[in-house]
Amino acid sequence: MTTRMTWPQLQRSDEFRGRWVALDNCRYDAKTAQPVEGSVVDADEDLAELCSRIRSEDGRHCAIVFCGREELEPPPSNRQPRPSYSALTH
């Protein structure tokens, strides 16, 4: 299994939703250092099983990400503002 995918593609994929995904040859976001694109080399619902398989492949260095079950968050301009701390204490 080696398919190049972006993070939004992974999040929308029924195949990977709710699973841990091992990405190789990643491209990272400069601000967050989180992978934004990579080659999917393996996936599993069990993190320990996935890591065990990746470790058994000598020389493989992967980023492991979890593709959550929730829908993608709306763009920042559509988000509801969070109440400030003072609003919560009064």
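The values are calculated or read from the model by the stated rules, or taken from the named source; none is laboratory data. What you see is a predicted model, and the numbers here were worked out from it, not measured in a lab. Here the Cβ is made from the backbone with ideal geometry for all residues, glycine too, and neighbour counts use every protein chain on show. Just the protein is used for accessible areas: all its heavy atoms, side chains included, with ligands, DNA and RNA removed. Shrake-Rupley method; radii C 1.70, N 1.55, O 1.52, S 1.80 Å.
Details
- Pairing residues of the stretch 46-72 that are open to solvent by 70 Å² or more (accessible area, probe 1.4 Å) with residues that are at pLDDT 85 or above, at Cβ distances under 7 Å and at least 6 apart in sequence or on separate chains, gives R53/D42; R60/D24; R60/I54; F66/W20; R69/R17; R69/G18; L72/P8; L72/Q11.
- Qualifying positions in the stretch 20-57 - closer than 20 Å to P8 by Cβ and among the hydroxyl-bearing types (S, T, Y): Y28, T32, S39
- Filter result (in contact (Cβ under 8 Å) with a residue 24 or more places away in the chain and open to solvent by 80 Å² or more (accessible area, probe 1.4 Å)) within the stretch 9-27: R12, E15
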